[in-house]
1. Filter segment 1-31 down to residues that are out of contact with any helix residue (DSSP H, G or I) (no Cβ under 9 Å at 6 or more places or on another chain) and either open to solvent by less than 50 Å² (accessible area, probe 1.4 Å) or within 15 Å of the ligand (Cβ to nearest atom) (or both), then give me how many there are.
2. State which residue is farthest from I2 (Cα to Cα) when the search covers only segment 90-113 and only residues that are among the charged types (D, E, K, R) and open to solvent by 40 Å² or more (accessible area, probe 1.4 Å).
3. Can you tell me which residues in segment 59-81 are surrounded by 14 or more Cβ atoms within 10 Å (Cβ to Cβ) and small (G, A, S)?
4. Filter segment 114-127 down to the residues that are among the charged types (D, E, K, R) and either surrounded by 15 or more Cβ atoms within 10 Å (Cβ to Cβ) or outside any helix (DSSP H, G or I) (or both) and list them by number.
Amino acid sequence: MIRAVYPGSFDPITNGHIYISERAAALFDELIVAVLVNPEKRSTFSEEERQIMAREALVHLPKVKYFNGLLVDFMRQQQSRIIIRGLRALSDFEYEFQLAQMNRQLAPEIETFFIVTDAKYSYLSSRAIKDAFQFGGAVRDMVPPGVYRRLRERIPPRNL
Ligand code: PNS
């Protein structure tokens with residue numbers, strides 16, 4: 001039984017994240033999507049909201065859990081040795097490489113697997129969606145319906 005963990009801040013989950021979750025779920029026996037705290041980012045949505053949005057968007061797929069702490073501690077707690085991360089472009093690589101190397105130093109038994117996104121999601125990020133949305137950009141097709149509804153409730157549109 002191989003259990004993989006797909007961690008991220010998911011602030012909020014996008015169609016690109018869903019794509020990576022689906023690809024990973026098809027490869028491993030069990031997939032846990034882990035909503036984590038990224039200390040480098042101030043989140044727009046609370047941990048609970050991020051978890052609810054991910055769970056709603058992934059009802060057909062894996063488990064969604066929240067963890068506030070070191071990723072490798074969560075991995076050990078869940079008895080998983082596979083971290084899944086999505087890659088969009090070369091620009092992701094440096095950050096992802098550093099993350100993977102750091103996690104390897106902290107827990108050498110854990111492997112990071114990269115899944116390349118579909119070209120149609122290569123420009124998507126939670127940050128870009130929030131930025132575009134607040135200036136009236138049409139992002140409806142980039143996120144699940146529950147996320148779009150919450151974006152409308154949370155982010156006041158400017159310049160509309
Ligand atoms: O979606 P993100 O923000 O790129 O995900 C980054 C995340 C949450 C996976 C990363 O910040 C993380 O693992 N945070 C938990 C704290 C941790 O383990 N840090 C050490 C690795 S550098």
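1. Number satisfying all stated conditions: 4.
2. Of segment 90-113, the ones among the charged types (D, E, K, R) are 92, 94, 96, 104, 109, 111.
Subset that is open to solvent by 40 Å² or more (accessible area, probe 1.4 Å): 94, 104, 109, 111.
On the way: E94: 28, R104: 19, E109: 14, E111: 12 Å.
Filtering first and then ranking leaves E94.
3. Passing the criteria: only S80.
4. If the condition is that a residue be among the charged types (D, E, K, R) and either surrounded by 15 or more Cβ atoms within 10 Å (Cβ to Cβ) or outside any helix (DSSP H, G or I) (or both), then D118 is the only one that fits.
The values are calculated or read from the model by the stated rules, or taken from the named source; none is laboratory data. Keep in mind it's a predicted model, so treat the numbers as computed, not measured. Heads up, the Cβs are rebuilt from the backbone with ideal geometry, glycines too, and the neighbour counts pull from every protein chain shown. Note: areas computed on protein heavy atoms with side chains; ligands, DNA, RNA excluded. Shrake-Rupley method; radii C 1.70, N 1.55, O 1.52, S 1.80 Å.
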